[in-house]
Amino acid sequence: MRQIKYLAHPLLVLAALMSFSMAAHAQKIKVRKIQGNKAIVEFTGTLTPGTTYELISPDEFGEESSANNRKYLVGLSFNLGNVKSDAANSVNVTQIDLSTRFGWNFGTFELGPVFSYNSTIASATATTFKIGAFGDYNMISNIPGEAFLYGLGVIGDFGQHDPGSTTVVDDFKYDLFEVFVGPFVKWFPTGGPYGFRLDAGYIYQRQSSTTLGTTTVSGFSSSLGIFAYF
């Protein structure tokens, strides 16, 4: 009987250690604010005041190192705009195009290049290419686990509009310069690296042609896009 009791003790200790390890592994801590060597954190699980906890990077266990990282981003947006030229007898025009972006996430700020392509098919096929850069200011840091982000976005780009094969003077090629600025909301449904983005704001465009001179276009623009961080 003594031998049985002696063997039972290490088994109980092992079970207790495994239980504690599983409970500690399930806990997650999110740092909200840092000042010096102090921090404000949010956590899941149970923490005891006065107890010292050793934080281990997820990379040491091979978790979330690539599946939920937000260092880089790629995105695709569907843009819908309603603008009006300052030329005489002009009317409101609805513009629809697609744009892609790649960028770097620095937490509060994000930036990178953008590329946009538009094609309109009528009596001729008109195409518009634009290339430029974007910048985002996030009101809270864009880190893994955040579900909603709000902020202000800016896009600046330039390109060329080609009306295709036509003899109408008003449809000649022109160069363009464009600026968009407005608020956005980013939504990560699962808190992971994939989400949706909604932008709305003011757009200004300058169109320059050797035949028609310079025309400015401005108005309201909005876009809905999908993106992924890695």
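Can you tell me which residue is nearest to the chain's Cα centre (by Cα) among those in the stretch 212-226 that are closer than 29 Å to T190 by Cβ and open to solvent by 40 Å² or more (accessible area, probe 1.4 Å)?
I226
Residues of the stretch 180-211 being under 16 Å from L152 (Cα atoms), open to solvent by 70 Å² or more (accessible area, probe 1.4 Å) and in contact (Cβ under 8 Å) with a residue 24 or more places away in the chain, which ones?
Residues satisfying the conditions are P183, W187, F196, L198.
Test L80 against the criterion of being at pLDDT 55 or above and either assigned to a strand (DSSP E or B) or surrounded by 13 or more Cβ atoms within 10 Å (Cβ to Cβ) (or both), and give yes or no.
yes
Name the residue that is least open to solvent (accessible area, probe 1.4 Å), counting only residues in the stretch 84-129 that are modelled with pLDDT of 90 or more and closer than 17 Å to G164 by Cβ.
Out of the qualifying residues, it is T128.
Out of the residues in the stretch 53-70 that are loosely packed, with under 13 Cβ neighbours inside 10 Å and charged (D, E, K, R), state the one that is modelled with the highest pLDDT.
E54
The values are calculated or read from the model by the stated rules, or taken from the named source; none is laboratory data. What you see is a predicted model; the values in this text were computed from it and never measured. Cβ sites come from the backbone with ideal geometry, for glycine too, and all protein chains shown count toward neighbours. Accessible surface is based on the protein model in full, side chains and every heavy atom, while ligands, DNA and RNA are left aside. Shrake-Rupley method; radii C 1.70, N 1.55, O 1.52, S 1.80 Å.
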